[in-house]
Every structure is written in structure tokens, then in C-alpha cells.
Amino acid sequence: MSEKQPVSRRRFVGGVAGALGYLTLSPNPDLWAQAARAGGRRAAGAQGDEYDALAKLAFNENPYGPSDAVMEAMNGAWKYSNRYGYPDGDIAEEIAKHHGVERENILLGAGSGEILNLVGVAYLLGGKKIVGVEPTFSSVYSHASGIKADAIRLPLLEDYRQNIPAMIDAVKKNYRDVGFVYLCNPNNPTGRIVTRQEVRQLLDGIPEDVPVLIDEAYHHYVEDPAYATSVPYVREGRQVIIARTFSKIYGMAGLRLGYAVAPREMLQRMRPWSTGSINALVKWGGVAALRDTEAEARVRRTTLELRKKTVAELQSLGYPCVPSECNFFMVHLKRPVQPVIQAFREKKVAVGRPFPPMTEHLRVSIGTPEEMQRFMTAFREIMPATRAATGTGG
Ligand SMILES: Cc1ncc(COP(=O)(O)O)c(C=O)c1O
């Protein structure tokens with residue numbers, strides 16, 4: 001790495017020793033170096049310092065940040081900062097190759113959030129509606145209401161899974177009005193999956209010209225063999241748009257890169273609203289991230305181990321957790337969540353917001369081992385041990 005490069009690895013490394021506390025779990029030097037870089041960033045002023053001091057378990061981010069290979073690739077791209085037409089590492093071709101589709105099946109977005117918004121304008125304008133569940137990643141619904149479109153929001157099943165037969169029914173009953181179906185798989189905030197059979201049931205159960213937006217932001221964390229990506233449906237030419245992001249497993253949320261995989265004509269309908277505002281650094285970083293499968297596996301392994309450990313501890317305290325396949329989970333507090341969120345904040349632990357109608361569930365993102373230890377310490381201070389755990393009777 002040359003002296004001239006604006007971001008040096010050395011500047012980021014250091015100060016990660018604290019992260020070793022909760023670490024009976026597969027300590028991995030590479031991941032700690034990654035975490036040190038992420039934690040070592042300092043924004044100017046009090047606001048930045050206050051932010052840095054928080055255990056950040058609110059937004060389902062990857063606390064370790066981009067891998068070494070990604071940092072190196074991005075550092076090599078600074079020289080394009082002052083250019084428009086620059087080599088971009090063939091990011092779209094790389095993504096297409098990664099999924100076994102054609103370049104024409106890929107549309108880049110500044111985060112998958114941009115993709116979701118593009119689907120919104122392309123398929124809702126003119127008074128159409130979304131069909132989806134609640135709670136889910138609700139920015140899809142807020143964007144819809146911003147463009148004066150409506151949503152048909154269906155409740156989750158008792159076990160917090162998405163109700164596929166109800167979705168099919170809602171689409172059939174409102175066929176003329178439906179702009180698209182939104183299926184977040186796995187679902188945020190519950191962490192529950194829709195199985196590959198259920199996805200097929202949905203696609204086969206609705207009229208074939210109704211588009212389905214399948215948001216796979218947390219795809220990389222899933223272990224359940226009943227789950228599968230829906231990208232193969234694009235190859236079949238079905239009316240599906242798959243949204244993916246570099247914000248989660250690749251640790252690049254602040255850099256903004258996501259994409260859609262979809263049939264060409266669906267992307268053509270979305271393209272006029274795309275801003276193309278993706279920066280040079282993240283395009284090169286994205287290519288490196290797709291190739292750095294070792295870093296991806298490390299983040300996945302450590303995150304899942306920590307999730308399982310934290311969930312087991314909470315359950316042993318008498319607090320049931322929704323079975324999650326993601327880098328976050330929900331714990332049932334059995335009391336309103338809002339004051340608890342505030343109490344965590346006072347202890348410098350940022351946790352998820354309320355997700356109505358699940359207002360007694362707290363969503364917790366998986367941070368570093370040190371952050372999870374801070375979470376558990378705060379949890380024990382804030383929440384009473386339940387009868388189930390203390391054995392004081394029922
Ligand atoms: C399910 C889901 N989809 C999309 C996004 C948007 O992510 P980004 O715009 O960073 O790609 C998020 C972010 O948390 C999410 O949880």
C-alpha cells in the first residue's frame with residue numbers, strides 16, 4: 001500500500017482489545033482487524049463522539065466493516081474521484097456472473113433502498129397498490145405513501161411467518177389494483193424465512209403478470225435448507241425482481257451499493273427513474289467483496305455464533321426469541337418496548353425501533369462480541385428476571 005493512498009490500514013487498526021471480552025467465540029484476527037478499522041473511525045465533533053460511544057445494534061449493520069481486500073480495491077479507485085467516465089471494475093458484469101444471469105438483468109442502485117424505490121415508482125404510479133405483510137421493511141410502504149400509492153398490509157401468522165395463502169387471496173381479490181407484491185425474504189424485522197416451496201406457491205398462485213419484489217438483503221445469513229434465493233425465477237423469465245445489497249454481509253452500508261436482478265423489460269421500466277449516483281470507490285469495492293468469499297464466511301460464522309449465544313442467554317432468563325435466520329433477532333419483552341429502547345439508549349446501547357403491531361418485541365442487531373456483552377449487561381439491569389427463569393412459580 002503506497003504512502004499516497006488516502007486511507008491507510010494502519011490508521012484504522014488499534015483499540016480493538018475491548019472487543020475480546022465476550023470472546024470465547026472463535027476469535028479471528030482478521031475479523032478483529034476489520035472491526036478495529038470500523039470502530040476506529042471518528043467523525044468530527046461531539047455528535048460523532050457520541051455516535052462512536054454507542055453499541056450500534058439498531059440497523060442490522062455488519063460491525064466489522066469492509067474486508068481488507070475491499071479496502072484495498074477502494075483505495076485503488078481514489079484516482080477516479082474527479083472523473084465521470086472511468087473504469088468501474090465491470091461491477092455489473094461481475095454481479096451478473098455471480099448470479100449466472102446476463103448483464104441486461106442487472107440494475108445498480110445506491111443501496112438496495114434505491115432499487116425498492118425504483119420498483120415503487122415504476123409499478124405503483126397511477127394508483128396501484130402493494131400487497132405485503134406487516135411488520136416488514138416498511139420503507140417500501142412509506143415510499144408508496146409518498147407517491148400517493150396504497151398498501152394492503154396483511155398480518156403475520158402466529159409464529160411470525162408470512163401468510164402466503166393470504167397474500168395470494170389479497171392479490172386475486174384486488175388483481176386490477178395491485179402494482180406488485182413485496183416479499184422480504186428473510187423478513188426484517190422478524191428474521192423468519194419464506195421457504196422455497198412457499199415462494200413457488202406464491203408465484204404459481206397469483207396471476208403471472210403481477211410483479212413480485214423479493215428483497216433478499218439478509219440472504220447470506222440464512223442456514224435453513226428450506227430457504228433458497230429466488231434468482232432462478234429471473235432466468236425463467238418470471239415477473240420477479242430480486243433486490244440485493246452490499247450493506248449487510250459485506251459491511252458497506254455507508255458506501256451505498258445494491259442492485260436488482262430481474263428480466264430485462266422490468267428493468268427497462270425502472271431505469272428512467274434511476275439516478276446512477278453510485279460512487280467510484282464502492283463499485284471497485286463491490287467487485288472485491290463478491291470475490292472475498294473468505295471474509296464473507298468469517299462474518300457469517302461469527303455473527304451467527306453470537307446470535308445463537310445471545311438468544312440462548314435471553315431464553316435462559318425467561319425471554320422467548322423469534323427464531324431468526326438473520327444478523328438480528330426479536331426478543332419478546334412481555335411489556336411495551338418503547339421505554340425499554342429508551343433505557344438501553346441511556347446505557348449507550350442503540351437497539352431497534354418499535355415495529356407495530358409487535359410492540360412488545362425488541363429487535364436486536366448482532367454487533368461485535370464486545371457490543372453484545374454490553375447489550376446483555378444492560379438487558380440484565382433493565383429487565384427483571386421472569387418467573388419462568390427464576391422458578392418462583394407460575
Ligand atoms: C430488508 C431490507 N431491505 C433493504 C434495506 C436497504 O438497505 P440498503 O439501502 O442499505 O441496501 C434494508 C436495510 O436495513 C433492509 O433491512
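None of the figures in this text is laboratory data; all of them are computed from the coordinates on show. Treat the numbers as computed from the prediction; the structure is a model and nothing was measured. Every residue, glycine as well, gets a Cβ built from its backbone with ideal geometry; the counts of neighbours run over all protein chains shown.
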Practice task
Determine the percent antiparallel among the DSSP beta bridges restricted to the chain, to the nearest 5.
Solution key: 45 percent
Practice task
For the range 239-384, just say rounded, prolate or oblate: build the C-alpha gyration tensor, square-root its eigenvalues into a ≥ b ≥ c, call rounded for a/c under 1.5, and beyond that prolate if a/b exceeds b/c, oblate if not.
Solution key: prolate
Problem - Cross-link pairs 248/348; 97/129; 309/348; 148/173 - those with Cα-Cα distance over 28 Å - result: 97/129
Practice task
Would you kindly state how much longer the chain becomes between residue 359 and residue 238 on full extension, computed as 0.36 nm times their sequence separation minus their alpha carbon distance, in nm to one decimal?
Solution key: 39.9 nm
Problem - the range 208-214 - phi-based ³J(HN,Hα) in whole Hz, Karplus 6.51/-1.76/1.60, Gly and Pro as x - result: 6, 8, 8, x, 10, 9, 10
Practice task
Report the dimensions of the chain along its three principal axes from the alpha-carbon atoms, largest first, rounded to Å.
Solution key: 65, 53, 38
Handout entry: At R0 = 41 Å, FRET efficiency that the Cβ-Cβ distance of residue 142 and residue 315 yields, to 0.05
Key = 0.80
Handout entry: Added length on full extension, which subtracts the Cα-Cα distance from 0.36 nm per residue, residue 59 to residue 102
Key = 12.3 nm
Problem - Cα Rg over Rh - the range 257-335, Kirkwood - result: 1.17
Problem - Separation in nanometres of the label points that stand 7 Å from Cα toward Cβ, at residue 226 and residue 338 - result: 3.5 nm
Handout entry: Sequence ranges 106-113, 272-279, 79-86, ranked by mean other-Cβ count within 10 angstrom, highest first
Key = 106-113, 272-279, 79-86
Fill in the blank from the handout: FRET efficiency (residue 52, residue 93; Cβ distance; R0 35 Å; to 0.05) is 0.40
Handout entry: Cα convex hull volume per residue for the range 82-291 (Å³)
Key = 119 Å³
